[in-house]
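**Q** My questions all concern the structure below.
The values are calculated or read from the model by the stated rules, or taken from the named source; none is laboratory data. Note that the structure is a prediction, hence the values are computed from the model and not measured. Quick reminder, even Gly has a Cβ in these numbers, built from the backbone with ideal geometry, and neighbours come from all protein chains shown. Only protein heavy atoms, including side chains, enter the accessible area calculation; ligands, DNA and RNA are left aside. Shrake-Rupley method; radii C 1.70, N 1.55, O 1.52, S 1.80 Å.
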Amino acid sequence: MNLRIKNNNFYEFGDAIKFIKSSFFPFLRKKNPNFKSEFVLGIGGNLGNVKKRFEKFFINLKKDRRFFVTQNSVILQNKAFGYANQDDFLNAVMFVQTSLSPNLTLKIMQRYEFKFGRKRSFKNAPRTLDLDILYFDKKVRKSPRLILPHYGVGERVSVILPLGLMK
């Protein structure tokens, strides 16, 4: 966990290193009324040129007619947690609309991870692209495949800071 509460009850964001802007991060456009649901997607990675990979993923998702991206946060560079002996991570948050179910959306996001070279060698391992459905509408779900809201979402600086800077 990388968010700590100090004695004065304020959060300490010591693992956040810096914010990075790119061609598509941040990004903002109006919602599309043709989609019935909205989800918050956390994206991360720490292997290779992650910033370029985020941009390529965004372009792919934007072309995918099953999804409509309405907003991207800036990119946050932060220290790794869980398995700390690895390079820093880049993380961002996206607001995406869809008419698909949460489970089908998860399956498609896992295909995108595979397409972008994700290998699952061990828990919290270094990765090229990590896609987490953080929230899906106001759904609450706990199954072996999908937990909504995503586990630890309110305690991770990699989510809280980018999300807090969005409009």
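**Q** Hey, among Phe89, Phe122, Phe58, which residue is of a type in the set (Phe, Trp, Tyr) and either open to solvent by 40 Å² or more (accessible area, probe 1.4 Å) or free of Cβ contacts under 8 Å to residues at least 12 places away in the same chain (or both)?
**A** Exactly one residue qualifies, and that residue is Phe122.
**Q** Is it the case that the range 138-150 has a residue that's open to solvent by 10 Å² or more (accessible area, probe 1.4 Å), under 16 Å from Gly42 (Cβ atoms), among the β-branched types (Val, Ile, Thr) and free of Cβ contacts under 8 Å to residues at least 40 places away in the same chain?
**A** Yes, that holds for at least one residue.
**Q** Applying the selection to the range 38-53, what residues are within 15 Å of Phe136 (Cα to Cα) and of a type in the set (D, E, K, R)?
**A** Passing the criteria: only Glu38.
Condition check ((1) outside any loop (DSSP other than H, G, I, E, B); (2) β-branched (Val, Ile, Thr)) across all residues:
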| position | (1), (2) |
| --- | --- |
| Arg120 | no, no |
| Thr128 | no, yes |
| Lys139 | no, no |
| His150 | no, no |
| Ile160 | yes, yes |
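**Q** I need a count of the residues in the range 29-42 that are under 16 Å from the mean Cα position of the chain (by Cα) and open to solvent by 30 Å² or more (accessible area, probe 1.4 Å).
**A** Adding up the residues that qualify gives 1.
**Q** OK, next. Of all the residues that make up the range 122-147, how many are under 24 Å from Arg53 (Cβ atoms) and out of contact with any strand residue (DSSP E or B) (no Cβ under 8 Å at 6 or more places or on another chain)?
**A** Of the residues in the range 122-147, 5 are under 24 Å from Arg53 (Cβ atoms) and out of contact with any strand residue (DSSP E or B) (no Cβ under 8 Å at 6 or more places or on another chain).
**Q** Going through Leu90, Leu104, Leu61 one at a time, which residue ends up being at pLDDT 95 or above, in a strand (DSSP E or B) and within 16 Å of Leu131 (Cβ to Cβ)?
**A** Of Leu90, Leu104, Leu61, the one residue that is at pLDDT 95 or above, in a strand (DSSP E or B) and within 16 Å of Leu131 (Cβ to Cβ) is Leu90.
**Q** Something else about it: Exactly one of (1) more than 22 Å from Lys36 (Cα to Cα); (2) open to solvent by 40 Å² or more (accessible area, probe 1.4 Å) is unmet by Val153. Its number?
**A** (2)
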